[in-house]
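See structure below.
The values are calculated or read from the model by the stated rules, or taken from the named source; none is laboratory data. Here the structure is a predicted model, which is why all the values come from computation and not from measurement. Here the Cβ positions follow ideal geometry from the backbone for every residue, glycine too, while neighbour counts run over all protein chains shown. Each accessible area value is taken on the protein alone, full model and side chains, heavy atoms only, with ligands, DNA and RNA left out. Shrake-Rupley method; radii C 1.70, N 1.55, O 1.52, S 1.80 Å.
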Amino acid sequence: MRDLLAILLSAQAIHHRISNFETSARQQAAECGPLPSAKHHAGLLKDLAAQRRKLTRMIGGLAGKDARRLSGIKDIHTASGRLRGIMFGQGLRKDEAEFLARQDRIFRKNWAQPGCFKAFTIVSFYAQPFDVTLQKNIGKLSTAELRCYLHFALRQPHIMQAEDEKKYVDYYRHLTDWLLHLVKISERWPPARAQILRQVIKSALTFGTCYYIDLPIGDLVKARAQIVTALTRRLPGFKQLKTFPQPAKPAPGRHKLRFGIISRNIGDYTDTRALYALFREFDPERYEIYWYSLDIIDPTTLSDVEFFRKLYAFTHKVVSLRGDGAQKAQQVLNDDLDFLAVGTAYSFGAQYLDQMLSKRLARIQVGLNAMVPSSSGFASYDYSIVPEASAEALKNFYAESSETLKFVADPMIWYEPRPVTQPDKFVTRTALGIPKNAIIYCSGAVANKQMPGTLTCWLEILRQVPNSYLLLYPYNPAWGGYFIGLTFLARLNALLKQYPDIDPARIVVTRQVTPDEGNRLILLSDIYLGSFPHAGATSATLALQHGKPVVARHARWLRSTTDPSLVRSIGLPELIGKDNEEVTAIAVRLGLDRAWREKITAHIASALPSAPFFDSVNGSRRFQALFDDMAAEKGLLERSSIKPQLRVVR
């Protein structure tokens, strides 16, 4: 028991060491400055490596009852999860590597082997889930051990090298098949064991990394939908729901279509503003707007009385969704909607939002590709609205999608422009350590979007353009920043080893920034790099607003559409590369050919007054025409009653 206490204290020490670092780092983020590279955190990493060695050796020495009690010490498994990402790229001592190899061999046998769970606990401090064998024979595990192993199996992977993407996809194919099997057979389990399975799947299962990898994910999208559907069938609250039958039938005696929108929140938030711009001009004589908020508030959500006034003025009803998935679903069903448009990708797993959307909550259910960068996979959806695309991309779109695709002319998203900000004393080239005459390539893509393929492309640009710098601001206050930051830096430093000719000082990664500081960083830059395969939207739009060339990659997947559609909409297809190599070539030419860069900048300036991504009035009217057409297809509207939308000249 004394050994277990020492292990608990050691695990807590690791957890507190990381938490204290995060707290102090946040306190230092008052000014937008460069985040030190991993070598500046050498002391932290050295301490954590020593604590990990000590802790895993103590675990290895446990025997008998103490070894069996490991599963009940939550702090151990919390510590192993937090350590993983930031320690990648940190070499192991010879004795440590040999010790780990012995534990891995024990774990790979099966759960019936003596010491298997103890070996698994040690391996979990070092390994990615896709690096170890998925142990499907869980009958010998206690309820507590089952919980620990499921949490490990469902851990979000850290993609460090391009090869990890395929490992992740292959692993998740096996994982989803196994989970679906477990959900189906769990009805024969003791209730407590079945409840743990459902709880862990709800809290830990996420396919979010699917968005960021450069491979087909259609089968994973469908597998996720199957798991959520099977899960909700076994939840009592969902059994009581009376959802809409198909085909859709018009509500008797009603003259207006009830149109529901689900958003992350109703504050002055980027996605909320974009949704408002999409629907603001819907004809109030035909549509009643019902706005449903998940009330997920983060530090980037601002309070703007004028925006609130505009949002409430065009909505018939605003609802805060409360309770679990079934209770949220019932709130929506109570309003007897004709349309439900899903405008948030807050979750892509099996959480309450996913559970409720697996049910048909309106006569017509629609996904918005600009907000939800993938097919839902659910049979409850009728349509997904996507930008027009090439024949090659369409083939992939249809392979990924379970919905009928509806196409809209470029772009897919539009905003109301915000006032242009000017740099202040804290956001300058000097403060960031960048020479005044340097060419700055900038990206505000969040850390998870900067996958190995994307970063490799950007490092190639630096290699080919002398006196160029890469300015990244991948953390906003909503993303926390520092634990994720160390994981991201581990990936970046691993890739930098392949580029010994690039001085790491030419890559500036800022601390977390506010939206206003992000604006200022774009203003300091010369060229904006759009992310891929998961495109952005907001930062690319801001870059164009500030007159900066935006380099994008052709949409290969549903999650890739927004950046190229924005660039194409103002007549600059020459800034869209068909592949990574062409993206590099375009960005290199912009950096080396000043005359061409100035020509592109002048074109952007002349195109902005009529840019469709700032024309929310006409964009919203075009959008209504699309929904009018869907309503007519489903028999909710007579085609003869549809009037053409008149274009407003700005």
- Hey, does the stretch 164-185 have a residue that's over 30 Å from the mean Cα position of the chain (by Cα) and either over 24 Å from Gln103 (Cα atoms) or open to solvent by less than 30 Å² (accessible area, probe 1.4 Å) (or both)? yes
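Per-residue answers, yes or no, for (1) hydroxyl-bearing (Ser, Thr, Tyr); (2) touching a His at 6+ places or on another chain (Cβ under 7 Å); (3) open to solvent by less than 10 Å² (accessible area, probe 1.4 Å):
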residue	(1), (2), (3)
Leu48	no, no, yes
Lys54	no, no, no
Met58	no, no, no
Arg68	no, no, no
Ser71	yes, no, no
Lys74	no, no, no
Gly81	no, no, no
Gly91	no, no, no
Ala101	no, no, no
- Task: Select from the stretch 584-616 the residues that are assigned to a helix (DSSP H, G or I), buried (at least 17 other Cβ atoms within 10 Å of the Cβ) and at pLDDT below 95 and list them in ascending order.
- Result: Pro612, Phe613, Phe614, Ser616
- Going through the stretch 104-142 in order, the residues found to be hydroxyl-bearing (Ser, Thr, Tyr) and open to solvent by 10 Å² or more (accessible area, probe 1.4 Å) are Tyr126, Thr133, Ser142
- What are the residues in the stretch 440-462 that are open to solvent by less than 10 Å² (accessible area, probe 1.4 Å) and in a helix (DSSP H, G or I), if any? Ala447, Pro452, Thr454, Leu455, Cys457, Trp458, Leu459, Ile461, Leu462
- So is Ile522 closer than 25 Å to Arg553 by Cβ, in a helix (DSSP H, G or I) and not hydroxyl-bearing (Ser, Thr, Tyr) or not? yes
- Query: Say we look at the stretch 392-404 and pick out the residues that are crowded, with 18+ Cβ neighbours inside 10 Å and of a type in the set (A, V, I, L, M, F, W, C); which of these is nearest to Val372 (Cα to Cα)?
  - Reply: Phe397
- Which listed residue, of Ala540, Ala555, Ala595, is in contact (Cβ under 8 Å) with a residue 60 or more places away in the chain and among the aliphatic types (A, V, I, L, M): Ala555
- Query: For the stretch 289-302, does any single residue satisfy the condition of being surrounded by fewer than 18 Cβ atoms within 10 Å (Cβ to Cβ) and not in a loop (DSSP other than H, G, I, E, B)?
  - Reply: yes
- Message: Quick check on the stretch 250-269: of everything there that is touching a Phe, Trp or Tyr at 6+ places or on another chain (Cβ under 7 Å) and among the basic types (Lys, Arg), which residue is modelled with the highest pLDDT?
- Response: Arg258
- Message: Criterion first (over 27 Å from Ala326 (Cβ atoms) and either touching a Leu at 6+ places or on another chain (Cβ under 7 Å) or part of a loop (DSSP other than H, G, I, E, B) (or both)) does Thr243 satisfy it?
- Response: no
- Item | Those residues of the stretch 560-583 which are open to solvent by 30 Å² or more (accessible area, probe 1.4 Å), closer than 19 Å to Trp458 by Cβ and assigned to a helix (DSSP H, G or I), in sequence order | Asn580, Glu581, Glu582
- Query: Looking at Ala313, Ala274, which one is open to solvent by less than 10 Å² (accessible area, probe 1.4 Å), part of a helix (DSSP H, G or I) and of a type in the set (Gly, Ala, Ser)?
  - Reply: Ala274
- Task: Taking the options Thr56, Thr23, name whichever one is hydroxyl-bearing (Ser, Thr, Tyr), out of contact with any helix residue (DSSP H, G or I) (no Cβ under 6 Å at 6 or more places or on another chain) and at pLDDT 60 or above.
- Result: Thr23
- If you check Leu361 against the conditions, is it under 17 Å from Gln226 (Cα atoms), of a type outside the set (Ser, Thr, Tyr) and surrounded by 22 or more Cβ atoms within 10 Å (Cβ to Cβ)? no
- Can you name the residue in the stretch 200-217 that is at pLDDT below 90 and in a helix (DSSP H, G or I) and, of all such residues, is farthest from Phe348 (Cα to Cα)? Tyr212
- Query: Has the stretch 383-391 got any residue that is assigned to a helix (DSSP H, G or I), open to solvent by less than 10 Å² (accessible area, probe 1.4 Å) and under 19 Å from Leu278 (Cβ atoms)?
  - Reply: no
- Note on the structure: By residue number, the members of the stretch 316-344 that are open to solvent by less than 10 Å² (accessible area, probe 1.4 Å) and more than 22 Å from Thr229 (Cα to Cα) are Asp338
- Answer yes or no: is there a residue in the stretch 283-301 that is under 29 Å from Ile642 (Cα atoms) and under 16 Å from the mean Cα position of the chain (by Cα). no
- Item | Out of Leu241, Leu278, Leu294, sole residue that is among the aliphatic types (A, V, I, L, M), in contact with a helix residue (DSSP H, G or I) (Cβ under 9 Å, 6 or more places away or on another chain) and over 30 Å from Pro515 (Cα atoms) | Leu241
- Has the stretch 294-311 got any residue that is under 23 Å from Arg622 (Cα atoms) and free of Cβ contacts under 8 Å to residues at least 40 places away in the same chain? yes
- Task: Return only the number of the condition from (1) in contact with a helix residue (DSSP H, G or I) (Cβ under 7 Å, 6 or more places away or on another chain); (2) modelled with pLDDT under 95 that Leu353 does not satisfy.
- Result: (1)
